[in-house]
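Trainee: The structure's right below; bear with me while I get my questions together.
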Amino acid sequence: MNHVLFVASECTPFIKTGGLADVVGSLPHALKTHEHLNVSVILPLYDEISQDWKNQMEFKTIVPVEIGWRNQTAELYCLNYEGVHYYFLANTFYYERKGVYGYYDDGERFLFFSKAVISSLDYLDFVPNILHAHDWQAGLAVAFAKIYQPIEEMKTVFTIHNMKYQGLIPLDMYEDFFSLPREHIGGMEWNGMLNCLKAGMFHADKITTVSPSYANELKNPYYSEGLHPLLNDREADFCGILNGINTDEYNPLKDPHVDVPYSYSRAKKKLNKLALQEELNLQMSEEKPLYVMVTRLVEQKGLHLIQCILEEFLQEDIQFIVLGTGEREFELYFSYLANKYPSKSAAILTFDEALSRKLYASADFFLMPSLFEPCGLSQLIALQYKTVPIVRETGGLKDTVSSYNELTGEGNGFSFTNYNAHDLLTVLHYSLRIFHDDGNWKQLCKNINKCKYDWKHSAAEYNRLYTKVLTEQGVSQN
Ligand code: ADP
């Protein structure tokens with residue numbers, strides 16, 4: 001049996017701010033189908049995690065955690081949920097705060113988490129063969145695993161979910177936070193800062209990212225945020241494995257938030273649209289094409305393109321709804337549109353899982369014109385809810401959405417290549433034309449009905465990678 005320990009900063013159903021939580025929440029279940037694999041997950045115990053979950057957790061022990069000269073502790077809790085073991089590390093100072101990220105000391109908070117994970121390894125119910133860390137918040141766990149070698153033969157895998165977020169700590173904190181010789185700075189330092197993402201990449205035995213196209217893009221300066229030389233050096237140990245989604249969880253027939261459950265029926269899907277229009281005070285009409293976005297409101301999601309053309313597109317007989325939180329600039333823009341066009345546009349500026357499901361279920365089109373997109377789960381969820389994605393051809397969007405072609409009848413969405421607002425507008429107009437063309441629309445919907453983006457294939461790829469990392473370096477599997 002090979003034991004894999006996932007180290008991550010978020011995980012459904014406990015705590016979620018974006019796609020990372022979906023992946024960490026669903027991949028262990030998919031990996032469980034491989035009999036010789038046992039996957040557990042460790043994450044911080046945030047205040048935000050509901051009391052319901054906390055009541056179900058079992059206290060295990062107090063773990064001593066040294067951060068430089070500070071002798072800290074973390075309380076280790078454990079919970080078995082649907083056959084997967086979850087471990088939580090509690091610390092009042094670092095995690096009893098509102099929300100998950102966005103504090104001046106986030107670097108220190110996740111440095112603490114990473115060190116606490118390594119200090120906890122003695123207290124878990126198993127000995128991990130593989131420590132699989134996700135994103136910058138867990139990058140230092142990989143570095144500490146390599147530097148301290150708490151379990152001599154344990155191998156490490158590091159997955160980059162988004163290269164944009166690297167977790168930077170001022171270099172002059174090195175002595176203060178790490179009781180380590182200066183020779184270790186090289187593996188962490190970048191551009192005069194300590195870089196948690198780089199630390200993970202530098203020390204991991206294998207590096208992955210979340211789609212083959214993003215893996216290629218990351219080798220180039222345009223997408224790599226400066227770290228392409230490291231990835232090019234480690235090319236033999238680096239690959240892209242496409243994310244999947246939990247298709248049981250994202251299922252419009254079983255989803256409790258969907259007003260009128262459906263599988264393939266467009267007629268039932270339209271009833272969801274009517275219910276949502278009523279809820280949001282939009283003009284009620286099942287025939288009006290509804291375009292939606294469910295997203296973090298950040299530049300990455302293509303919002304500068306949207307800002308250039310959406311008002312022009314709203315002059316058509318369409319409706320538009322956005323559900324999102326993020327930067328003020330975009331919140332103000334969407335509020336402005338919603339105020340100016342109240343019968344055809346709405347902006348809900350919160351994080352609301354239930355409402356997100358209603359949007360996926362009610363919409364005709366899902367917009368995702370990202371500047372870059374490591375994988376993107378929203379377009380996969382949209383496809384599950386038989387909603388047509390409109391994307392820019394980048395990263396995982398390129399790997400999962402193919403543009404509809406009237407001549408061949410192939411394609412499961414609409415796409416454009418260059419990061420250009422008028423290219424987006426052209427594609428939006430094209431989508432509208434196809435929507436009103438019965439034959440083509442039916443064909444497109446038929447293609448979408450056949451799409452499948454569950455974890456089966458990608459979980460098998462991770463399994464192969466684990467086997468490779470364990471055998472390649474001469475570790476005997478028991
Ligand atoms: P990212 O991880 O970059 O934010 P993804 O497309 O990979 O983007 O995943 C986003 C996930 O977060 C999806 O499950 C999406 O439905 C969800 N999400 C984003 N914003 C909101 C919101 N405001 N309310 C509810 N769910 C949201």
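The values are calculated or read from the model by the stated rules, or taken from the named source; none is laboratory data. Every value quoted in this text rests on a predicted model; they were computed, and no experiment measured them. As a convention, Cβ positions derive from the backbone with ideal geometry for all residues, glycine included, and neighbour counts pool all protein chains shown. Just the protein is used for accessible areas: all its heavy atoms, side chains included, with ligands, DNA and RNA removed. Shrake-Rupley method; radii C 1.70, N 1.55, O 1.52, S 1.80 Å.
Trainee: How large is ³J(HN,Hα) for each residue in segment 304-313, as worked out from phi by the Karplus curve 6.51 cos²θ - 1.76 cosθ + 1.60 (θ = phi - 60°), to whole Hz, x for Gly and Pro?
Mentor: Result, ordered by residue: 5, 5, 4, 4, 6, 10, 5, 5, 4, 5 Hz.
Trainee: Please figure out what share of the DSSP beta bridges in segment 160-297 is antiparallel and state it in percent, rounded to the nearest 5.
Mentor: 55
Trainee: Provide the gained length on full extension for the span residue 36 to residue 450, in nm with one decimal, where the gain is 0.36 nm per separating residue minus the Cα-Cα distance.
Mentor: Values: separation 414, 0.36 × 414 = 149.04 nm, distance 3.13 nm.
Result: 145.9 nm gained on full extension.
Trainee: How high is the relative contact order of the chain, in percent, with contacts defined as C-alpha pairs under 8 Å that are six or more residues apart?
Mentor: Across the chain, relative contact order equals 12 percent.
Trainee: Can you return the aspartates and glutamates within cross-link range of residue 32? Criterion is Cα-Cα under 13 Å, with same-chain partners fewer than 8 residues away left out.
Mentor: Within the straight-line limit of under 13 Å, residue 32 reaches these aspartates and glutamates: 82.
Trainee: Another one. Would you please give the residues with an amide H less than 5 Å from that of residue 61, counting only those at least 5 places away or on a separate chain, with H modeled from the backbone geometry?
Mentor: 76
Trainee: Also: Using alpha carbons only, how many angstrom separate the centre of segment 20-91 from the centre of segment 177-229?
Mentor: That distance is 25 Å.
Trainee: I've got another one for you. If you place +1 on the Cβ of every Lys and Arg, -1 on the Cβ of every Asp and Glu, and leave all else neutral, what size is the dipole of segment 141-293 about its Cα centre, to the nearest 20 Debye?
Mentor: Numbers: 15 positive and 21 negative charges, 132 e Å.
Roughly 640 debye, rounded to the nearest 20.
Trainee: Hey, if you put +1 on the Cβ of every Lys and Arg and -1 on every Asp and Glu Cβ in the chain, which of 124, 374, 415 ends up farthest toward the positive end of that dipole?
Mentor: 415
Trainee: Another question, then. Tell me, what % of the accessible area of segment 369-415 is carbon and sulfur with a 1.4 angstrom probe?
Mentor: Summing carbon and sulfur atoms, their accessible area is 43 percent of the total for segment 369-415.
Trainee: Go through segment 173-182 residue by residue and turn each phi into a ³J(HN,Hα) via Karplus (6.51, -1.76, 1.60, θ = phi - 60°); whole Hz please, and just put x for glycine and proline.
Mentor: Values per residue, Gly and Pro as x: 8, 3, 4, 5, 9, 10, 8, 10, x, 5 Hz.
Trainee: Kindly provide the helix-only [θ] at 222 nm of the chain, computed as the sum of -39,500 (n - 2.57) over DSSP H runs of four or more divided by all residues, to the nearest 500 deg cm²/dmol?
Mentor: The helix contribution divided over the chain gives -11000 deg cm²/dmol.
Trainee: With the full set of protein chains in place, find how many percent of the accessible area of segment 94-216 is carbon and sulfur; take the probe as 1.4 Å.
Mentor: 50
Trainee: Sticking with this one: For a protection proxy built on the mean count of beta-carbon atoms within 10 angstrom, sort 449-458, 344-353, 107-116 highest first, please.
Mentor: Taking the mean over residues of other Cβ atoms within 10 Å, the ranking is 107-116, 344-353, 449-458.
Trainee: In the structure shown, do any of 270/452; 54/155; 344/386; 54/98 have a Cα-Cα gap over 25 Å, and if so which?
Mentor: 54/155
Trainee: With the crude spin-label approximation of a point 7 Å out along Cα→Cβ, what separation in nm comes out for residue 234 versus residue 467?
Mentor: About 2.4 nm separates the two model spin labels.
Trainee: May I ask for the angle, rounded to the nearest 10°, between helix 19-31 and the longest principal axis of the chain, with both axes built from Cα atoms and the value confined to 0 to 90°?
Mentor: Result, in degrees: 70.
Trainee: Over segment 265-340, with every protein chain in place, what whole percent of the accessible area is carbon and sulfur at 1.4 Å, could you tell me?
Mentor: Values: 1580 of 3230 Å².
Carbon-and-sulfur percentage of accessible area, whole number: 49.
Trainee: Moving on to the next point. For labels at residue 185 and residue 54 in the simple 7 Å Cα→Cβ model, what's the distance in nm?
Mentor: Going by the 7 Å Cα→Cβ label model, 4.1 nm.
Trainee: In terms of modelled amide H atoms, which long-range or inter-chain residues lie less than 5 Å from the amide H of residue 194?
Mentor: 169, 171
Trainee: How many percent of DSSP beta bridges within segment 35-150 run antiparallel, rounded to 5?
Mentor: Values: 16 of 21 bridges.
Restricted to segment 35-150, the bridges split so that about 75 percent are antiparallel.
Trainee: Another question, if that's okay. Can you spot the aspartates and glutamates whose alpha carbon is less than 13 Å from residue 60's alpha carbon? Ignore those fewer than 8 places along the same chain.
Mentor: In chain and number order, the partners are 75, 122, 125.
Trainee: At 1.4 Å probe size, with every protein chain present, just tell me what the per residue accessible area of the chain comes to in Å².
Mentor: For the chain, the per-residue accessible area is 40 Å².
Trainee: Please list 3J(HN,Hα) in residue order for segment 5-16, calculated via the Karplus relation 6.51 cos²θ - 1.76 cosθ + 1.60 where θ = phi - 60°; whole Hz, with x for glycine and proline.
Mentor: 10, 7, 10, 7, 8, 8, 6, 6, x, 7, 7, 9
Trainee: For the chain, take the longest principal axis of its alpha carbons; what is the angle in degrees between that and the long axis of helix 353-362, to the nearest 10 within 0 to 90?
Mentor: 40
Trainee: Write down the percent of antiparallel bridges among all DSSP beta bridges whose residues are both part of the chain, to the nearest 5.
Mentor: Beta bridges within the chain, antiparallel portion: roughly 30 percent.
Trainee: With +1 on each Lys and Arg Cβ and -1 on each Asp and Glu Cβ, how big is the dipole of the chain about its Cα centre, in debye rounded to the nearest 20?
Mentor: That gives a dipole near 960 debye.
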